[in-house]
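*Asks:* I'd like to ask some things about the structure below.
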Amino acid sequence: MHQVRKPFQGVFNIIRFNWHFFVSGLSFAIFLLFFSTYFFGIPLYAALVIFTSILVSLSVSAYIYDFSNLYTFNWLPIETSGQAKSILNLNAGFDETSGIISEKYNPDYFYVFDFYNPDLHTEISIRRARKAYPPYPNTQSIKTTHIPLKDGSVDLAFSIFAAHEIRSIEGRVLFFKELHRVINTNGKLVITEQLRDIPNFLAYNFGFFHFFGAENWDKTFYDSNFSVDSVIKITPFVTTFILSKNGISS
């Protein structure tokens, strides 16, 4: 059975893994407040903007990761009824979903692959997350250019908040072509991401540049010969694409 999430685990992890950003922002805001006693006006307003931005981003994160039904997977309209005998879950160094997926679908074969590359994924937050949370049992490290499974051997594949870590569109297309190869004719691919859109800009301001826009994902799917069956907005800030091989949909 997967580990039950603790109250506020999501927002706590964000602070825990990215504390250097929050310390820097709060320190600068306090510095501005000090100067506002001498130059009332712009420094005070700038400090208030920083405080508000931090509060909003943490509040939205708590809503997404702690108060929405994201980790229940009840929003996913895929009922396998025992048909998904082979399931693949991919992550980029931090995996909070494999236990949930395994329990929900109980597949005969469950593959968990981690494409984290310390030479490419240099963010200290990922290193902290990997240190804090051990990988799911039997997780295999892979390269994004090769998924070590046979052609058409997967019924259902997941990438939850992972694929955006492949920063170039060329690299993502190669990765999705590998997914296209291993997924069978009637299989499905579930991609969950935050988008570079207005809601995420309002929540994370310039942090939203770490995400990709819907048109970028559409190009990735098209170039790797996937079609979009449906798009699900789990919250205004999180989007799931359910994909199938071109010419196959339900």
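The values are calculated or read from the model by the stated rules, or taken from the named source; none is laboratory data. Computed from a predicted structure; not experimentally measured. Cβ placement follows ideal geometry from the backbone for every residue including glycine, while neighbour counts extend to all protein chains displayed.
*Asks:* Would you call Val231 loosely packed, with under 14 Cβ neighbours inside 10 Å, of a type in the set (A, V, I, L, M, F, W, C) and either at pLDDT below 95 or within 19 Å of the chain's Cα centre (by Cα) (or both)?
*Replies:* Yes, satisfied.
*Asks:* Residue check, Thr220 against (1) in contact (Cβ under 8 Å) with a residue 24 or more places away in the chain; (2) more than 23 Å from Thr97 (Cα to Cα); (3) among the polar types (S, T, N, Q); (4) surrounded by fewer than 19 Cβ atoms within 10 Å (Cβ to Cβ), all met but one. Which one?
*Replies:* Thr220 satisfies all of (1) in contact (Cβ under 8 Å) with a residue 24 or more places away in the chain; (2) more than 23 Å from Thr97 (Cα to Cα); (3) among the polar types (S, T, N, Q); (4) surrounded by fewer than 19 Cβ atoms within 10 Å (Cβ to Cβ) except (4).
*Asks:* Any idea how many residues of the stretch 151-201 are within 14 Å of Phe241 (Cα to Cα) and aromatic (Phe, Trp, Tyr)?
*Replies:* The number of residues fulfilling the criteria is 3.
*Asks:* So Ile191 clears everything in (1) of a type outside the set (D, E, K, R); (2) in contact (Cβ under 8 Å) with a residue 24 or more places away in the chain; (3) out of contact with any Ser or Thr (no Cβ under 8 Å at 6 or more places or on another chain) except one condition, right? Which one?
*Replies:* In the conditions (1) of a type outside the set (D, E, K, R); (2) in contact (Cβ under 8 Å) with a residue 24 or more places away in the chain; (3) out of contact with any Ser or Thr (no Cβ under 8 Å at 6 or more places or on another chain), Ile191 misses (3) alone.
*Asks:* Does Ile183 satisfy the criteria of being surrounded by 21 or more Cβ atoms within 10 Å (Cβ to Cβ), out of contact with any helix residue (DSSP H, G or I) (no Cβ under 7 Å at 6 or more places or on another chain) and at pLDDT 95 or above?
*Replies:* yes
*Asks:* Hey, among the residues in the stretch 162-175 that are part of a loop (DSSP other than H, G, I, E, B) and out of contact with any strand residue (DSSP E or B) (no Cβ under 6 Å at 6 or more places or on another chain), which one's surrounded by the fewest Cβ atoms within 10 Å (Cβ to Cβ)? Lay out the reasoning, then the answer.
*Replies:* Initially, the stretch 162-175 is screened for residues part of a loop (DSSP other than H, G, I, E, B), giving 162, 166-168.
Add one more test, that the residue is out of contact with any strand residue (DSSP E or B) (no Cβ under 6 Å at 6 or more places or on another chain), and what stays is 166-168.
Working: Ile166: 23, Arg167: 11, Ser168: 9.
Residue satisfying both the conditions and the ranking: Ser168.
*Asks:* Have a look at Leu44, Leu48, Leu26 and point out the one that is assigned to a helix (DSSP H, G or I), over 34 Å from the mean Cα position of the chain (by Cα) and modelled with pLDDT of 80 or more.
*Replies:* Among Leu44, Leu48, Leu26, only Leu44 is assigned to a helix (DSSP H, G or I), over 34 Å from the mean Cα position of the chain (by Cα) and modelled with pLDDT of 80 or more.
*Asks:* Would you point out the residue of the stretch 81-104, among those that are touching a strand residue (DSSP E or B) at 6+ places or on another chain (Cβ under 7 Å) and surrounded by fewer than 20 Cβ atoms within 10 Å (Cβ to Cβ), that is modelled with the highest pLDDT?
*Replies:* Ser102
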